[in-house]
Amino acid sequence: MARAPNLRSGPARRTSDIARRCGRPALSFERRPAPPRARSPPPAPPRSILRRTRAVRGRSGAAASGRNLEAPDGRKSAGTKWKPERERYHDDCQSKPARFPDDLVTRGAARCNDVPGHVTLITWFRQRGRSIKRRKRSRSSLKSSREKKKMSLALDLRLKRANKVYHEGEVLAGVVVITSKEAVQHQGISLTMEGLVNLQLSSKSVGVFEAFYNSVKPIQLISSNIEVAKPGKVPGGKTEIPFEFPLQAKGNKMLYETYHGVFVNIQYTLRCDMRRPLLAKDLSKTCEFMLHCQPQKSKVQPTPVDFTITPETLQNVKERSSLPKFLIRGHLDATNCVITQPLTGELVVESSEVPIKSIELQLVRVETCGCAEGYARDATEIQNIQIAEGDVCHGLPIPIYMVFPRLFTCPTLETTNFKVEFEVNVVIVLHDDHLITENFPLKLCRV
């Protein structure tokens, strides 16, 4: 008859004996059924709520006699029986509704009205989250409704000419476009056309011409105001109101060409204002148009300029003996330039002891502002074009080609209060950081 193997013989028995002596459970190789999975009990409240004293449990005579008792944390209550935190919190819940999260979080997740504290806290957080989401939805819907109301009414200005370029004596024509989903009440729609010259001094001239800052004001070249619609209602949909403005200067003044500079700014604007009732916001739309001066009837005679750059022709040199030897020749096709045509020429490097690093063409504006005290003359760069890079081949013609940028250039202008001039610099940079500059004044005109 076969005997079943003894699972507790040999090394297993010795292991169980050692474990029994050490007070630890012995290893067992027997298969036992797993205990039934019990339902997890609710989490216990914090220790501060479960604290009890002998006075409350009735184990001390001092509690029955009503003497002053000392709480576990060292607090004393005079003339009253001390109660643990759990019972005091239960009494508070009976007298007043619990506030979350302060009363519940600070005192612990106590059981209030036979409901576990952690369940109440979770419910409160869910309700709080729902209320926050509702508030966010209401705010977003209110904001979107305001934006829709704002977008439902639009004001725009459209000129008949797409390039927005006009001349003195012409008529500025266009339409005011009002787009709305429903009828809109207004207190009147007006159009204002202005042409201003704004002058400004550079920071280095602040102390020199202090009176100029107080006396300078924008020079008004043209100003006109018309009412395109009287107070009333604009029907829903798209409404177009045509308008026309004659471009005539005020008095003996003349209209200068549009120019955006640093210290001199000549600008022409058209503004439409729509006044609305008291609680509604007024609408405004501004549009800039460009004015070109009347072209000259006579043709401009080109005046070519030849130049030669050597160490002997340079000015403002401190140590002429330290300069390297070089010879650069070239020519400009014209210094009396038509503003709509490019500046052209040619440059040739005949010889140079030091390798050339770069050759650049720099366009400069020279703006002069002033009054009776004096004038401030400032030169600023408009654009810089590199026409050669590195040590170019000697004797090779390098073309010069520059287009005058729109808005930042205008025909050469000279008045009693300001002056706008232009120059071009041929800049040659050597590898030893020597900078050679040749300056040529330009006179721009429109034909």
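The values are calculated or read from the model by the stated rules, or taken from the named source; none is laboratory data. Values in this document were obtained by computation on a predicted structure and should not be read as measured data. Cβ placement follows ideal geometry from the backbone for every residue including glycine, while neighbour counts extend to all protein chains displayed. The accessibility values were calculated without ligands, DNA or RNA, using every heavy atom of the protein model including side chains. Shrake-Rupley method; radii C 1.70, N 1.55, O 1.52, S 1.80 Å.
Descriptive notes on the structure:
- Amide hydrogen proximity for Gly188: with H placed 1.01 Å from N in the peptide plane, the residues at 5 or more positions away or on another chain lying under 5 Å are Gly232, Arg275.
- Available extension along the chain between Phe307 and Val228 is 22.5 nm, counting 0.36 nm per residue and deducting the alpha carbon span.
- Segment 307-419 - percent relative contact order, Cα under 8 Å, separation 6 or more: 27 percent
- Against the rule of thumb 2.2 N^0.38 Å, how large the Cα Rg of segment 242-349 comes out: 1.94
- 3J(HN,Hα) from dihedral phi, segment 416-429, Karplus parametrisation 6.51/-1.76/1.60, rounded to Hz, x for glycine, proline: 6, 9, 8, 8, 10, 10, 9, 9, 10, 10, 9, 10, 10, 10
- Note on segment 395-447: Rg/Rh from Cα positions, Kirkwood definition for Rh, rounded to two decimals, is 1.09.
- Using heavy atoms of the protein chains and a probe of 1.4 Å, the accessible area assigned to Lys136 is about 140 Å².
- Loop-resident sites, segment 393-447, for trypsin sites (Lys or Arg not before Pro), counting at most 16 other Cβ within 10 Å (DSSP): Arg406, Arg446
- Average accessible surface area per residue within segment 283-348, 1.4 Å rolling probe, Å²: 62 Å²
- Diffusion constant of segment 385-424 at 20 °C, which comes from Stokes-Einstein with the Kirkwood Cα-pair radius and 1.002 mPa s, µm²/s: 157 µm²/s
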